Structures are given as structure tokens and as C-alpha cells.
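Just below is one structure, and these are the notes that go with it.
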Amino acid sequence: DIRGLTNLLHQKNIYIIGRIAVFQDPYFIKKYPELAVKTKTDKNKIWKDRKGISWIDSGSKEAWDYTIAIAKESYASGFDEINFDYIRFPSDGNMKDMYLPISDGKIKAEVLKSFFIYLNEELKKTEIPMSADLFGMTTTQKDDMNIGQIFENALPYFDFIDPMVYPSHYPNNWNNFKKPAEKPYEVVNIALKSAVDRAVLAGFDKNKVRPWLQDFNLGATYTGEMVRAQIKATYDNGLNSWLLWDPANTYTRSALEIMP
């Protein structure tokens, strides 16, 4: 009973964001296997990442329309904002054996930019608030890291850009931090300073940047102090909002201010 749930949450003055996993959707692929990423060695065989998950080719117009339909129905069911996640090409697994049946030969960043434009054009008529999840390193990298995501390519087409600046997701020795996961303030501060600078340079309000912060144990045991350090880095860069992620959906109470 989605409408019952959204009504209940609104009674408690909770802003509800509906997250859609766009191109990582095994259910969709069961229905439309021809739109899936395939293996090079057998172009009829569905490719899977290191977790055994199948992916849709990001250039699939059918998947774009499917995503838009879900967004419209979710908004009509009471969600206040729609968040688009996995808006990228696969990043791990046997990449050398990956074949893109629709996007083969195309520039990945251009494929995704076309998707962002299409999404914006189709949904701006509805005035649905939209946000995009990007890899954290998109704020400091200029290339697309072979996944198609470039920070500036997403900026014009969403109300919020949500870079996943989880310190644990940065490689060892990034910016001379032996273990970035152990440096939550420093990593998030560098990532967000770059994000703010790039957003402003592109002509956008810096508060379009709304980072995902880490509240899960990976690379280090995350304490309330480590979560608060990331929040401080967010505010220190002049930003006014953030998102907190734990895949188990359990959050560190001591990291959060409890409202009266």
C-alpha cells in the first residue's frame, strides 16, 4: 500500500525520495533480454558483473521510457522527489568480455548525456523534482572513468546532483591518503570543494550539490564522530543538505541531531 505509506510519512512531515535503480535491473532484463549487456565471446549470452548482476545497455530507449513511466507513477503515489541511481555503464567484472548491443561504438559519456536530456525533457512538464546519483570521483575526475559519468554533463538536467563521496570508495593512496576510509573529513572536503567549484564555474547554484555520506563499515569501522566529520565537511563547503547511506538501513544515532 504505497499511497498509505506515503500519506503516513507526510503526516510525520517526512520528505520522501523514491530511488530508481535505472540500468542495473535484472527484472527488466528477464522481460527484455535483447536489451541487456552481452558477452563478446557469445553475443547472445547476458554479461554479468562480479556480483553476478546483469545490466541494461544504457543506450536502450525502451529502458529510458520504462524509467520515465516508473518516475511518473511513483510521483503520483506520493513520493516528493525521484532519485535516479545506477545511471551509468558497468564498472566491474570481466570488462574485456563486455559487449554493448545498442551502444557499441558510441562514446559512453555522450550516451548518458542523451539520456539525461531525454529524462529532463520528458519529466520537466510534470515538475517532478529529480536527483542523480554519481560516483564520488566524478567531482575530481575530468574523464568519464569508462562508466559514462561526467559531472558537468549531469548538472543542467537535475534539481540535485548527489555524488557518492563515501571515503571507503576511494582507492588507497588517493591524494596521498594511505587509507581514505580512515580520513572522512579530508576526503569529503576535497571532493566537495571540487564539486562546488565546478558547479559554480558551470553557472549553477552550489546547493545543487547534495552529497551521499557514509554510515557503514567498509575500510574502517564508522563511528558517530566519523559520520559527523563528513557532515562538517559538507557544511564547511557552504552546502546546506546531504544524504546518508547504509545498505542495511541502520544509522548511527550519535551522529545525528535529534529534533525535539
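Observations on the model:
- Residues in the stretch 146-163 that are open to solvent by less than 10 Å² (accessible area, probe 1.4 Å) and either under 16 Å from Ser114 (Cα atoms) or assigned to a helix (DSSP H, G or I) (or both): Ile147, Gly148, Gln149, Phe151, Ala154, Leu155, Phe158.
- Scope the stretch 65-117; condition of a type in the set (D, E, K, R), part of a loop (DSSP other than H, G, I, E, B) and free of Cβ contacts under 8 Å to residues at least 24 places away in the same chain; matching residues: Asp104
- Filter result (hydrophobic (A, V, I, L, M, F, W, C) and open to solvent by less than 50 Å² (accessible area, probe 1.4 Å)) within the stretch 186-196: Val187, Val188, Ala191, Leu192, Ala195, Val196
- Filter pass, Lys40 being open to solvent by 60 Å² or more (accessible area, probe 1.4 Å) and either of a type in the set (Gly, Ala, Ser) or out of contact with any helix residue (DSSP H, G or I) (no Cβ under 9 Å at 6 or more places or on another chain) (or both): no
- Leading residue by the ranking (nearest to Leu134 (Cα to Cα)) among those in the stretch 197-245 that are open to solvent by 20 Å² or more (accessible area, probe 1.4 Å) and part of a strand (DSSP E or B): Trp212
- Hey, Leu134 touching a Lys or Arg at 6+ places or on another chain (Cβ under 9 Å), within 20 Å of Ala202 (Cα to Cα) and not in a helix (DSSP H, G or I) or not: yes
- Candidates are the residues of the stretch 23-49 that are of a type in the set (Val, Ile, Thr) and in a loop (DSSP other than H, G, I, E, B); the one that is farthest from Pro101 (Cα to Cα) is Thr41.
- Selection within the stretch 102-145 - among the basic types (Lys, Arg), within 20 Å of the chain's Cα centre (by Cα) and surrounded by fewer than 18 Cβ atoms within 10 Å (Cβ to Cβ): Lys124, Lys142
- Which numbered condition Asp85 fails, given (1) modelled with pLDDT of 95 or more; (2) farther than 24 Å from Pro247 by Cβ; (3) out of contact with any helix residue (DSSP H, G or I) (no Cβ under 8 Å at 6 or more places or on another chain): (2)
The values are calculated or read from the model by the stated rules, or taken from the named source; none is laboratory data. Remember, predicted model here, so these are calculated numbers, not experimental data. Quick reminder, even Gly has a Cβ in these numbers, built from the backbone with ideal geometry, and neighbours come from all protein chains shown. When the accessible area is computed, the model is the full protein with side chains, heavy atoms only, and any ligands, DNA or RNA have been set aside. Shrake-Rupley method; radii C 1.70, N 1.55, O 1.52, S 1.80 Å.
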